[in-house]
Amino acid sequence: GGILAFIASSGVMDSPANRDIREHLMSSSHLVTAVRFPNTVFEASGTYPVTDLIILKKDSQKASLTNDENLFINSVKITLQNSDGKDVELNVSEFFKENKDNVYGNFVVGGQYGREALDVESSDQEDEISKKLKETLFKVFSKSETVKAPIKEKPFPEANPRIITGNP
């Protein structure tokens with residue numbers, strides 16, 4: 001099957017209300033990987049959303065779910081402290097709770113609209129985030145049983161993938 005990679009707001013994976021969407025995605029696709037970006041990825045555009053890169057491989061004959069796919073479907077509550085030291089319960093994708101290497105920053109209480117929401121902050125600069133993404137993709141595409149792609153030394157031999165922020 002084909003490969004689908006897309007960027008979505010964190011609500012797709014975190015919100016309990018979106019469980020049906022996640023179940024539908026997993027019913028006919030394998031989860032290749034998912035990565036959660038920090039809220040600064042789109043700051044050049046004047047916006048600070050927490051976003052996810054989700055990569056799937058189509059499989060219309062899929063019969064069962066992997067552990068990561070079950071985690072992908074579920075959202076759970078975590079408790080974090082806000083800036084006043086008050087405990088706040090927030091929803092997060094169980095996949096990201098259990099796969100912290102796929103979160104390119106730290107979970108904090110924040111939110112770009114003045115309400116308490118799950119945020120991801122990182123001190124990494126754009127080139128460091130790009131390097132992490134390149135390493136993640138190389139690891140996934142060079143070792144995955146789900147994705148059988150011909151790879152020699154690098155997954156992008158003629159390209160240097162990077163995160164583009166704002167207007168290119």
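The values are calculated or read from the model by the stated rules, or taken from the named source; none is laboratory data. Keep in mind that this is a model prediction, so the values were computed, not measured. All Cβ positions, even for glycine, are placed from backbone atoms using ideal geometry, and neighbour counts span all protein chains on display. Surface accessibility is based on the protein's heavy atoms, side chains included, excluding ligands, DNA and RNA. Shrake-Rupley method; radii C 1.70, N 1.55, O 1.52, S 1.80 Å.
Which whole-Hz couplings ³J(HN,Hα) result when phi for each residue of segment 29-39 is put into the Karplus expression 6.51 cos²θ - 1.76 cosθ + 1.60, θ = phi - 60°, listed in order with x for Gly and Pro?
Values per residue, Gly and Pro as x: 8, 9, 6, 7, 5, 9, 10, 9, 8, x, 5 Hz.
Ignoring ligands, DNA and RNA, what percent of the accessible area of segment 1-73 is carbon or sulfur (1.4 Å)?
Heavy-atom surface of segment 1-73 belonging to carbon and sulfur, 1.4 Å probe: 53 percent.
Return the aspartates and glutamates within reach of K57: Cα separation strictly under 16 angstrom, same-chain partners fewer than 8 residues apart disregarded; answer none if there are no such residues.
Those aspartates and glutamates meeting the cut-off are E23, D68, E69, E145.
How much accessible surface does D59 have with a 1.4 Å probe, in Å² rounded to 10?
40 Å²
Applying 1/(1 + (r/R0)^6) with R0 = 25 Å to the Cβ-Cβ distance of E23 and S45, what FRET efficiency is obtained, to the nearest 0.05?
Working: r = 32 Å, r/R0 = 1.26.
Between E23 and S45 the formula returns 0.20.
Per residue, how many Å² of accessible area does segment 22-102 show with a 1.4 Å probe? It would help to have the intermediate numbers written out before the result.
Values: 3920 Å² over 81 residues.
Averaged over the residues of segment 22-102, the accessible area is 48 Å².
Using the 2.2 N^0.38 Å rule of thumb for compact globular proteins, work out how segment 32-132 stacks up: its C-alpha Rg over that value, please. Mind showing how you got there, number by number?
Working: Rg = 15.1 Å, N = 101, 2.2 N^0.38 = 12.7 Å.
So segment 32-132 has a normalised radius of gyration of 1.19.
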